[in-house]
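The values are calculated or read from the model by the stated rules, or taken from the named source; none is laboratory data. In this text the structure is predicted, and so the values were computed from the model without any measurement. Glycine gets a Cβ as well: all are built from the backbone with ideal geometry, and neighbour counts include every protein chain shown. For accessibility, only protein heavy atoms count, side chains too; no ligands or nucleic acids. Shrake-Rupley method; radii C 1.70, N 1.55, O 1.52, S 1.80 Å.
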Amino acid sequence: MVIRRRTAAAILALGLSLPIVPIASAGTALADAPVPSASAAVTQQLELPRPTGPYATGRQTLHLVDTSRRDPWVPSAGARELMVSMYYPARPRTGGDVAPYMTTEEARLLLESQGYAGVFPPELLSGTRATARTDARPVPGRHPLVVLSPGFSVHRATLTLLGEELAARGYVVALIDHAYESVGTAFPGGRTLTCVACDTINALPKGEKSRAALAAVANGRAADVSFVLDRLTGRQPAWKNAGIIDRKRIGIAGHSIGGNSAARAMASDSRIRAGVNMDGTFFAPVPADGLGGRPFMMLGTDAGHRPDSKDTSWGEGWERLDGWKRWLTVTGSGHFTFIDFPVLGAQLGLSHPDAPLSGQRSGEITRDYVGAFFEQHLRGIRQPLLDGPTPANPEVNFQFRR
């Protein structure tokens, strides 16, 4: 049930994944690229950059069970289960230790899925140092909520940099792992659930059937998001600090299939005011009648999501979006540019020859543009960064804006 090399290649063909590989000079075959030694990697600790916002950050973890739905991938497992990392602005010098990045088993499965089994010890990845402290005391007041959904097959921790950045700016963040849709996610009871959805979809013939199955993933995640909002903003919230959430200011962003699900969640849930798709194909299309005039931003790779690219779903989606909207692409980026992988990979001397954008710039662009989007559309603070190209960000191309 774990994505192996042939499975990852199949997902890559669908535009969902681009594994990072060791640095290779131009014209060098990937198979010939040097692989860093495990012994060299063990001597260092991976670390995410500190957020730029004014607040300290806290993190708590929720296990949510939707008893109204059976799991779509493993019906025999019973109700749909989700793991949610809650990031939030916190009082400084409160809480316990820095929250762990992921478990060692989750890291082992993720490294294996990317072709690095035996190259780097899983403890290296699981020991990544971030910023948020467990159970820190929240900053009082009402804060906007942003839901984050990761890419197909990857753990929610891969959006930690963005989650912590938003929390440090004063947002509550609900970062969701969807059961059986990652290569490995820890659930209560000592269970680590693997990617049954990956096996199911990869068993389908390429074409309409596999695309329809991926559309079902996006629609299923939209239902997950609505359930999470119910549990965070209802009469008896599942999170003890839910009182700090401003129910009238809710946004959503996602990477890859998570970006597609952001649009689908907005289409089905009017509580969500604004959304971002980070390099996700619209397998489930934007509705023909749009998103009720609500703002939406598409942020993707220049190679894969220019208007003349093979992925025509962005052009179709753009025409249907009926509110404030932006279509941005990033020169030198790859599919994983918008998550933690390039930032961490750069510390190990890893990159992809087809995505030469540095790990530092990858993190900065994602942080700055997604952060600016929510500042403008959830807080009403105009962001000139979103008006057009800037000399400080020459990699970011404004394909269309309205």
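Looking only at the range 67-87, count every residue that is crowded, with 19+ Cβ neighbours inside 10 Å and either over 21 Å from the mean Cα position of the chain (by Cα) or not small (Gly, Ala, Ser) (or both) and tell me the total.
Here is the first cut: in the range 67-87, the residues crowded, with 19+ Cβ neighbours inside 10 Å are 71-73, 80-87.
Then drop every residue that is not either over 21 Å from the mean Cα position of the chain (by Cα) or not small (Gly, Ala, Ser) (or both), which leaves 71-73, 80-84, 86-87.
Count: 10.
For the range 361-384, how many residues meet the condition of being within 19 Å of the chain's Cα centre (by Cα) and free of Cβ contacts under 8 Å to residues at least 40 places away in the same chain?
Looking only at that region, the number is 6.
Say whether the condition of being in contact with a Cys (Cβ under 7 Å, 6 or more places away or on another chain), crowded, with 23+ Cβ neighbours inside 10 Å and not polar (S, T, N, Q) is met by at least one residue in the range 171-186. Break it down into steps so the answer makes sense when it comes.
Taking the range 171-186 and keeping what is in contact with a Cys (Cβ under 7 Å, 6 or more places away or on another chain), we get 180-183.
Cutting the leftovers down to crowded, with 23+ Cβ neighbours inside 10 Å gives us 181-183.
In the following step, the residues that additionally are not polar (S, T, N, Q) were identified as 181, 183.
Checked against the condition, which is being in contact with a Cys (Cβ under 7 Å, 6 or more places away or on another chain), crowded, with 23+ Cβ neighbours inside 10 Å and not polar (S, T, N, Q), the range 171-186 yields at least one hit.
Which of the numbered conditions does GLU112 fail, given that it passes all the others? Conditions: (1) in a strand (DSSP E or B); (2) within 25 Å of CYS198 (Cα to Cα).
(1)
Which members of the range 139-155 meet the condition of being surrounded by fewer than 24 Cβ atoms within 10 Å (Cβ to Cβ) and farther than 13 Å from GLY53 by Cβ?
Across the range 139-155, the qualifying residues are PRO140, GLY141, ARG142.
Scan the range 126-139 and report the pairs whose first residue is of a type outside the set (Ser, Thr, Tyr) and whose second residue is modelled with pLDDT under 95, with Cβ atoms within less than 8 Å and a gap of 6+ or a chain change.
GLY127/GLN45; ARG129/GLN45
Touching a residue at least 24 places away in the same chain (Cβ under 8 Å), within 18 Å of THR185 (Cα to Cα) and not acidic (Asp, Glu), is that true of LEU148? Write out each step before concluding.
Details: touching a residue at least 24 places away in the same chain (Cβ under 8 Å): yes; within 18 Å of THR185 (Cα to Cα): yes; not acidic (Asp, Glu): yes.
When the stated conditions are applied, LEU148 passes them.
If you check TRP318 against the conditions, is it of a type outside the set (A, V, I, L, M), crowded, with 22+ Cβ neighbours inside 10 Å, over 16 Å from the mean Cα position of the chain (by Cα) and assigned to a helix (DSSP H, G or I)?
Values: of a type outside the set (A, V, I, L, M): yes; crowded, with 22+ Cβ neighbours inside 10 Å: no; over 16 Å from the mean Cα position of the chain (by Cα): yes; assigned to a helix (DSSP H, G or I): yes.
It is false that TRP318 is of a type outside the set (A, V, I, L, M), crowded, with 22+ Cβ neighbours inside 10 Å, over 16 Å from the mean Cα position of the chain (by Cα) and assigned to a helix (DSSP H, G or I).
Go through the range 197-305 and tell me which strands (runs of 3 or more DSSP E), entirely inside it, have 1 or more residues that are open to solvent by 50 Å² or more (accessible area, probe 1.4 Å) and either at pLDDT 95 or above or hydrophobic (A, V, I, L, M, F, W, C) (or both). Walk me through it before giving the result.
On the way: elements: 245-255, 274-278, 296-301.
Those strands (runs of 3 or more DSSP E) span 245-255.
When only residues in the range 47-97 that are small (Gly, Ala, Ser) and not in a strand (DSSP E or B) count, which is nearest to GLY349 (Cα to Cα)?
Of all residues in the range 47-97, those small (Gly, Ala, Ser) come to 53, 56, 58, 68, 76-79, 85, 90, 95-96.
Next cut, not in a strand (DSSP E or B) only: 53, 76-78, 95-96.
On the way: GLY53: 28, SER76: 43, ALA77: 41, GLY78: 43, GLY95: 34, GLY96: 32 Å.
Going through the qualifying residues, I end up with GLY53.
Quick check on my filter: what residues within the range 334-347 are of a type in the set (A, V, I, L, M, F, W, C) and open to solvent by less than 30 Å² (accessible area, probe 1.4 Å)?
If we filter the range 334-347 for residues that are of a type in the set (A, V, I, L, M, F, W, C), which is where we start, we get 336, 338-339, 341, 343-344, 346.
Selection gives PHE336, PHE338, ILE339, PHE341, VAL343, LEU344.
Looking at (1) out of contact with any Pro (no Cβ under 7 Å at 6 or more places or on another chain); (2) modelled with pLDDT of 95 or more; (3) in a helix (DSSP H, G or I), which is the one condition that is false for LEU159?
That leaves (1) as the condition not met.
Return the pairs, sorted by first residue and then second, in which the second residue is among the polar types (S, T, N, Q) and open to solvent by 50 Å² or more (accessible area, probe 1.4 Å), the first residue lies in the range 68-79 and is farther than 12 Å from THR200 by Cβ, the beta carbons are less than 9 Å apart, and the residues are 6+ apart or on different chains.
Listed by first residue and then by second, the contacts come to ARG70/SER76; GLY78/THR67; ALA79/THR67; ALA79/SER68.
What number of residues within the range 321-347 satisfy the criterion of being touching a Leu at 6+ places or on another chain (Cβ under 8 Å), assigned to a loop (DSSP other than H, G, I, E, B) and not charged (D, E, K, R)?
7
Test LEU62 against the stated conditions and say whether it is of a type outside the set (Phe, Trp, Tyr), open to solvent by less than 10 Å² (accessible area, probe 1.4 Å) and at pLDDT 95 or above.
Details: of a type outside the set (Phe, Trp, Tyr): yes; open to solvent by less than 10 Å² (accessible area, probe 1.4 Å): no; at pLDDT 95 or above: yes.
So LEU62 does not fit the description; no.
Only residues that are modelled with pLDDT of 95 or more, part of a loop (DSSP other than H, G, I, E, B) and open to solvent by less than 50 Å² (accessible area, probe 1.4 Å): list them for the range 348-393, please.
Within the range 348-393, LEU357, GLN383, GLY388, THR390, ASN393 qualify.
In this structure, does SER313 turn out to be out of contact with any helix residue (DSSP H, G or I) (no Cβ under 7 Å at 6 or more places or on another chain), under 22 Å from GLY220 (Cα atoms) and open to solvent by less than 20 Å² (accessible area, probe 1.4 Å)?
Values: out of contact with any helix residue (DSSP H, G or I) (no Cβ under 7 Å at 6 or more places or on another chain): yes; under 22 Å from GLY220 (Cα atoms): yes; open to solvent by less than 20 Å² (accessible area, probe 1.4 Å): yes.
For SER313, the condition - out of contact with any helix residue (DSSP H, G or I) (no Cβ under 7 Å at 6 or more places or on another chain), under 22 Å from GLY220 (Cα atoms) and open to solvent by less than 20 Å² (accessible area, probe 1.4 Å) - is met.
Do we have any residue at all in the range 385-392 that's within 27 Å of VAL286 (Cα to Cα) and under 17 Å from the mean Cα position of the chain (by Cα)? Steps first, please.
Pass one, the range 385-392, residues within 27 Å of VAL286 (Cα to Cα): 385-389.
Still in the running and under 17 Å from the mean Cα position of the chain (by Cα): none.
So far as the range 385-392 goes, no, none of its residues is within 27 Å of VAL286 (Cα to Cα) and under 17 Å from the mean Cα position of the chain (by Cα).
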